[in-house]
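Below: one structure, written as structure tokens.
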Amino acid sequence: MIVQKYGGTSVGSAARIRRVSRRIANTVAQGHQVVVVVSAMGHTTDRLIALAESVNPEPPARELDMLIANGETITAPLVAMCLAGMGVPAISLSGAQAGVRTSGQHSRARIKDIKPDRIVEALGKNQVPVIAGFQGVTAELDITTLGRGGSDTTAVALAAALRAESCEIYTDVDGIFTADPRVVKAAKKLTHVQYDEMLELAAVGARIMHPRAVEIAELYSVPIHVRSSFHDRVGTMIVAHVPMEDRQRVRGIAQETNVAKITVVGVRDRPGVAATIFEPLADAGISVDVIVQNIGRSGHTDLTFSVAESDLKAAEKLVKTAAKAVGAQRVSSAAGIAKLSIVGTGMLGTPGIAARMFRALAEAGINIEMISTSEIRITCLVSRDQVGKGVRILHHAFELDQDLA
Ligand code: ASP
Ligand code: MG
């Protein structure tokens with residue numbers, strides 16, 4: 001059994017729906033059981049959100065979900081009827097009909113469990129179930145959505161619930177690359193990437209897969225195949241362990257440009273200060289990223305951290321109030337920053353990776369404003385106008401433009 005998920009571009013027009021349906025029909029003809037998950041056509045979700053905001057700038061969350069879930073609800077029957085026209089019996093199912101039960105947090109609901117009775121029943125009748133991705137239903141039968149890009153999560157969760165052999169994510173790119181191919185011409189498609197690497201890459205700017213889909217895949221050991229719906233070449237496998245020969249120190253480079261920083265200058269070096277500053281941000285749902293606190297000198301210290309630039313205004317206001325409360329000297333901020341990250345499990349226990357990254361950036365005259373690391377990632381904050389150059393320099397410095405030995 002294979003779960004195939006088709007993204008918005010892949011089903012963006014009638015012609016593309018026909019092409020996708022032919023691929024599904026071929027997979028069925030090869031003897032597979034196929035469960036299909038679809039996204040909304042093209043930019044439908046964006047258009048529905050814009051429409052909502054044109055009648056109410058702050059649409060109630062429940063109503064917004066009720067509206068935007070319809071994007072997927074349109075694609076599923078179109079694919080099912082296209083398949084029927086090709087002589088392949090198919091049945092479309094909404095998230096609710098497919099048994100996708102979620103929490104009640106609208107626009108970012110979490111899948112609680114899946115009762116795939118209707119899917120199993122359809123498969124038993126040799127019908128291809130075509131499921132509307134991105135949507136689910138609460139215990140009270142309210143319609144929810146899983147967050148932008150959430151059809152990936154529907155697909156992987158279904159693959160886990162049905163114990164499918166694999167989950168294929170069909171998209172408009174050829175797979176996962178060593179860097180964004182629009183930024184680095186020499187970027188190479190990876191044959192394999194590990195779940196943990198994909199999660200780190202997604203967290204620092206690679207936008208191919210919904211991170212929660214990768215989390216679920218890792219938890220239930222569902223292999224994911226990210227590939228293009230526009231040709232038959234294989235894409236990238238996301239798995240628990242990459243083959244031995246593919247082990248490489250740095251797997252990929254990601255960039256994120258929506259970054260700003262805030263500095264609280266001259267705070268007293270005592271317990272509770274960081275908590276007082278960060279709590280209001282947490283309450284407002286603003287995530288704080290790279291955090292740097294200097295070693296205290298003469299009882300005072302500076303605290304610098306990054307936020308999404310789109311959150312900067314709101315964050316600054318909250319931080320100024322909190323800074324006053326803890327008696328800080330002042331608050332400063334800067335926009336126009338970017339994050340540059342290298343990711344790879346191969347760097348575990350390999351000395352010198354950080355030094356090589358910093359040297360390469362130094363030789364290119366790129367100043368590092370902040371640094372943060374995990375076991376398999378190093379991130380540098382740099383000026384936004386240098387991020388493209390930085391990605392290219394690092395891609396070369398870590399020999400990602402060369403074929404794997
Ligand atoms: N249609 C939804 C979105 O655009 C979900 C998805 O495509 O995965 O975010
Ligand atoms: Mg997507």
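The values are calculated or read from the model by the stated rules, or taken from the named source; none is laboratory data. As the structure is a computational prediction, the values presented were derived from the model and not from experiment. In this analysis, Cβ positions are derived from the backbone assuming ideal geometry, glycine residues included, and neighbour counts consider all displayed protein chains.
Among the residues of the stretch 248-297, write down those that are modelled with pLDDT under 85 and farther than 24 Å from Val183 by Cα.
Scanning the stretch 248-297 gives Asp269, Arg270, Asn294, Ile295, Gly296, Arg297.
Residues that are away from ligand 2 (no atom under 16 Å from the Cβ), over 13 Å from Met86 (Cβ atoms) and not small (Gly, Ala, Ser) within the stretch 1-33 comprise Met1, Ile2, Gln30, His32, Gln33, listed in sequence order.
Does the stretch 80-101 include one or more residues that are modelled with pLDDT under 95 and surrounded by fewer than 17 Cβ atoms within 10 Å (Cβ to Cβ)? No: the stretch 80-101 contains no residue that is modelled with pLDDT under 95 and surrounded by fewer than 17 Cβ atoms within 10 Å (Cβ to Cβ). Only a single item in (1) farther than 24 Å from Lys261 by Cα; (2) surrounded by fewer than 22 Cβ atoms within 10 Å (Cβ to Cβ) is not met by Ile366, and it is number (1).
When the residues of the stretch 282-307 are filtered to those that are free of Cβ contacts under 8 Å to residues at least 24 places away in the same chain and charged (D, E, K, R), the one that is nearest to Gly205 (Cα to Cα) is Asp283. Identification of strands (runs of 3 or more DSSP E) wholly contained in the stretch 307-388 with 2 or more residues that are farther than 20 Å from Leu281 by Cβ and either more than 21 Å from the chain's Cα centre (by Cα) or aromatic (Phe, Trp, Tyr) (or both) yields 377-383. Scanning the stretch 139-173 for residues that are near ligand 1 (Cβ under 10 Å from one of its atoms), buried (at least 23 other Cβ atoms within 10 Å of the Cβ) and small (Gly, Ala, Ser) yields Gly150, Ser151, Ala155. When residues in the stretch 34-44 are screened for being crowded, with 24+ Cβ neighbours inside 10 Å, over 15 Å from Met81 (Cβ atoms) and within 16 Å of ligand 2 (Cβ to nearest atom), 3 of them pass. Identify all residues within the stretch 376-397 that are over 22 Å from Thr304 (Cα atoms) and surrounded by fewer than 18 Cβ atoms within 10 Å (Cβ to Cβ); write none if there are none. If the condition is that a residue be over 22 Å from Thr304 (Cα atoms) and surrounded by fewer than 18 Cβ atoms within 10 Å (Cβ to Cβ), then Gly388, Lys389, His396 are the ones that fit.
Across the stretch 148-193, the number of residues qualifying as in a loop (DSSP other than H, G, I, E, B) and within 16 Å of ligand 2 (Cβ to nearest atom) comes to 9. Restricting attention to the stretch 116-147, which residues are more than 16 Å from ligand 2 (Cβ to nearest atom) and part of a loop (DSSP other than H, G, I, E, B)? Within the stretch 116-147, Pro116, Lys125, Asn126, Gln127, Thr138, Ala139, Glu140, Leu141, Asp142 meet the criteria. Scanning the stretch 116-135 for residues that are within 16 Å of ligand 1 (Cβ to nearest atom) and in contact with a Gly (Cβ under 8 Å, 6 or more places away or on another chain) yields Ile131, Ala132, Gly133, Phe134, Gln135. Restricting the search to helices (runs of 4 or more DSSP H) fully inside the stretch 1-115 and requiring at least 3 residues that are out of contact with any Pro (no Cβ under 6 Å at 6 or more places or on another chain), of a type in the set (Val, Ile, Thr) and within 16 Å of ligand 1 (Cβ to nearest atom) gives 44-55, 70-85.
Within the stretch 308-357, restricting attention to residues that are out of contact with any strand residue (DSSP E or B) (no Cβ under 7 Å at 6 or more places or on another chain) and free of Cβ contacts under 8 Å to residues at least 24 places away in the same chain, the residue that is surrounded by the most Cβ atoms within 10 Å (Cβ to Cβ) is Lys317.
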